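Worksheet: the structure to be examined is printed underneath.
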Amino acid sequence: MIVPICLLAAFIAQAPADKFEPLFNGKDLKGWKGAVDNYEVKEGAIVCKPKKGGVLFSEQTFDDFIARVEFKLPPGGNNGVAIRYPGKGRASGDGMGEIQLLDDDDPKYAKLDPRQFTGSLYGISAAKRGHLKPVGEWNTMEIEVVGPVVKVTLNGDRILDADASKVHEYYNNYPHPGKDLKSGHLGLCGHNDPVAVRKFEVKRIKK
């Protein structure tokens, strides 16, 4: 069968140039390193073990990317997505940063700084609140990082659009020596709570 050139060109134009690559296979922690002993796979999701922590991070590194994460929070749950993590140190400071995953409405978090709530680039830029689903339901987050610009979409709503290079004042004067990193690992930050992540995929953005 000979396909007309005009139809072939249209098909190529509609075909996605790149596809999302799963970092989590739904079965085990193959492809991950770091604090692997502090996490487990339960019912098809990565879960931080109770009272455990540390950064679980991808073997691969990424420059500019879009990551998609599906997560479920327990009451009072706290975790975060590490972006451009160098493989050691604090994801929120030694890496480019941590995108917060938090049960924002738990009373124990009532007095937090705005830069500590879900979707925020932790301690650097505050996300808009009010877009989390109720505790126990699955949320979908998309994180786009291009150069110093970080955009976060939660359950279909854009909640963060920040240029980290323009921020020089941080919550509690917490140092961020890794803020301007241009490449690093993706990961999960721990924080002792059984936050569940059942989907973690990424697409590189080519310059």
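The values are calculated or read from the model by the stated rules, or taken from the named source; none is laboratory data. All values reported here derive from a predicted model rather than from experimental measurement. As a convention, Cβ positions derive from the backbone with ideal geometry for all residues, glycine included, and neighbour counts pool all protein chains shown. Surface areas here come from the heavy atoms of the whole protein model, side chains and all, with no ligands, DNA or RNA. Shrake-Rupley method; radii C 1.70, N 1.55, O 1.52, S 1.80 Å.
Only a single criterion out of (1) in contact with a strand residue (DSSP E or B) (Cβ under 6 Å, 6 or more places away or on another chain); (2) more than 22 Å from PHE20 (Cβ to Cβ) is not satisfied by LEU154, namely (2). The residues of the stretch 12-51 that are modelled with pLDDT of 95 or more, open to solvent by less than 60 Å² (accessible area, probe 1.4 Å) and in a loop (DSSP other than H, G, I, E, B), listed by number, are PHE20, LEU23, PHE24, GLY26, LEU29, GLY31, ALA35, GLY44.
Restricting PRO134, PRO148, PRO175 to those that are in contact with a Ser or Thr (Cβ under 6 Å, 6 or more places away or on another chain) and either surrounded by 20 or more Cβ atoms within 10 Å (Cβ to Cβ) or not charged (D, E, K, R) (or both) reduces the list to PRO148. Does at least one position in the stretch 118-128 carry a residue that is among the charged types (D, E, K, R), open to solvent by less than 60 Å² (accessible area, probe 1.4 Å) and more than 20 Å from LYS33 (Cα to Cα)? Scanning the stretch 118-128, I find no residue that is among the charged types (D, E, K, R), open to solvent by less than 60 Å² (accessible area, probe 1.4 Å) and more than 20 Å from LYS33 (Cα to Cα), so the answer is no. Within the option set ALA67, ALA82, ALA91, being among the hydrophobic types (A, V, I, L, M, F, W, C), touching a residue at least 60 places away in the same chain (Cβ under 8 Å), part of a loop (DSSP other than H, G, I, E, B) and touching a strand residue (DSSP E or B) at 6+ places or on another chain (Cβ under 8 Å) holds for one residue only, ALA91. Total residues in the stretch 52-84 satisfying the condition of being open to solvent by 10 Å² or more (accessible area, probe 1.4 Å) and either on the phi > 0 side of the Ramachandran plot or not hydrophobic (A, V, I, L, M, F, W, C) (or both): the figure is 14. Looking at ASN172, is it over 20 Å from ASN38 (Cβ atoms) and under 14 Å from the mean Cα position of the chain (by Cα)? No. Please verify whether ALA164 is open to solvent by less than 30 Å² (accessible area, probe 1.4 Å) and within 15 Å of the chain's Cα centre (by Cα), treating the condition exactly as stated. Criteria not met by ALA164.
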